[in-house]
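Nothing in this text is a laboratory measurement; each read-out follows from the coordinates by a stated rule. Owing to the predicted nature of the structure, the values given are computational and were not obtained by experimental measurement. In this analysis, Cβ positions are derived from the backbone assuming ideal geometry, glycine residues included, and neighbour counts consider all displayed protein chains.
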Amino acid sequence: MERQIKIDLFATIEKRLSTASKIAVLCHAYGDGDCYGSALALQSAVSRVYGQNLTCCTLISQEAVGSKYSFMPGIENIKVWPDGQDKYDLVLTVDTASTQLLGSRVQLLDGAYVISFDHHSSFTAYADVDVREPHYGACAELVYEFICHIAGEPTAEEAVCLYTAISSDTGGLSQKNTTPNSMMVSAKLCEYDSVKVDDISFRLFKSSSFARNQVIGHCLSNEKQYAGGKICTSYITRQLLDETGCTDSETDGIVSLVFATEGCEIAILAKETLDGPTKCSLRSKEANVAQVAAHFGGGGHINAAGCRVDADAESAAHIVATYIIENGLI
Ligand SMILES: [Mn+2]
């Protein structure tokens, strides 16, 4: 995004923030570290800069936040939808490329002025103001920029949320979507004593609950290979989640374990959801999985995308793998 355009958008947003009375901050459903961290830091900064004029600035999640993120400052203030209120005059969304990702909270957009902060390259426009940086590894890089604009710099707590968000979306600054900007912002955040790099990366990437380990065991022992091993798939049923006690948010990152299979170029992890079609997470080394996801009505990034398929988990993974092969996308 061109610098002057962004400065103008920031000015428009500031004007809206200074006259708003009830603000909702929304992250996407089935939240991840980037959306929670971005939303927490944004909510905190908006509250401290514009708090005097505000009746409320509430962060509303579609579901309970997983225990993995319990260390993030402010996480206890996240309200789980429905939060008892139904009208906000300003809605800020983070990391949310389409209204589909808001679930039933989409009704909060009715009659509200909507501002979206995002970094996805494929998206369906829905906001009055869209600030989008598809070249950023994490949405939190954009939120960091906005916080510096309105508040000078993040607080120690906001820094923890932002660093966690960037680390989460870039696999600890190791994935293909990691950019110089991801590293520069992370470096600035590391200057804060509150940002404990080793502790955050242990919590995000190494620590795993017993229940999650059981689901991982199932996923790896039921892994299938297609196209001579270039596509690897696995699946998670609701029954498995119920039996193990593993929560939806705890299944984050399991697709990476399937992706780590030697020779794998595209990984597909299909997981049955509580509210409808099976969710498929896709990862790739080179292939454009955003294009694959788009065929099924989903979206995301070139190397990390997601979609929903109306089938049981095992069949959904098979359907997506077959589509990729039949269309020569590998
Ligand atoms: Mn993100």
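Observations on the model:
- Unmatched cysteines, the chain - criterion: no other Cβ of a Cys under 4.7 angstrom: CYS56, CYS57, CYS139, CYS148, CYS161, CYS190, CYS219, CYS246, CYS280, CYS307
- Alpha-carbon Rg/Rh ratio, for segment 1-151, with Rh computed the Kirkwood way: 0.92
- Residues with amide H under 5 Å from that of VAL25, placed H, sequence gap 5 or more: THR58, LEU59, ILE60, LEU92
- Mean-square fluctuations from a GNM of the chain, with a 10 angstrom spring cutoff on Cα atoms, peak among ARG16, ARG283, ARG308 at ARG16.
- Over all other residues within a Cβ to Cβ distance under 13 Å of ASP275, the charged ones net out to +1, with Lys and Arg as +1 and Asp and Glu as -1.
- Counting every other Cβ atom within 10 Å of each residue's Cβ, VAL129, VAL65, VAL91 order from fewest to most as VAL129, VAL65, VAL91.
- Pairwise FRET efficiency - GLU157 versus THR19, Cβ, R0 = 22 Å, nearest 0.05: 0.25
- Cα centre as origin, Lys/Arg/Asp/Glu Cβ charges: segment 214-299 dipole, Debye: 280 debye
- Rounded, prolate or oblate (a/c below 1.5 giving rounded, otherwise prolate when a/b exceeds b/c) for segment 50-106 by Cα gyration tensor: oblate
- Extended-chain gain in nm, criterion 0.36 nm per residue less alpha-carbon gap, GLN225 and ILE7: 73.7 nm
- Share of pairwise Cα separations in the chain, more than 35 Å, in percent: 19 percent
- Distance between segment 13-43 and segment 254-286 - C-alpha centres, whole angstrom: 28 Å
- Extension gain for the segment THR322 to THR124, taken as residue separation times 0.36 nm less the Cα-Cα distance, is 68.6 nm to one decimal.
- Within a Gaussian network of the chain (alpha carbon springs, distance under 10 Å), most fluctuating of SER315, SER104, SER221: SER221
- Residue with peak Gaussian network fluctuation, the chain [Cα springs, cutoff 10 Å], from GLU243, GLU314, GLU145: GLU243
- Proximal lysines to LYS22, defined as alpha-carbon separation beneath 27 angstrom and excluding residues fewer than eight positions away on the same chain: LYS6, LYS79, LYS87
- The gain in end-to-end length when the VAL49 to ALA260 segment is fully stretched comes to 71.6 nm, 0.36 nm per residue minus the alpha carbon separation.
- Here the Kirkwood formula, the inverse mean of 1/r across different C-alpha pairs, assigns segment 218-299 a hydrodynamic radius of 13.2 Å.
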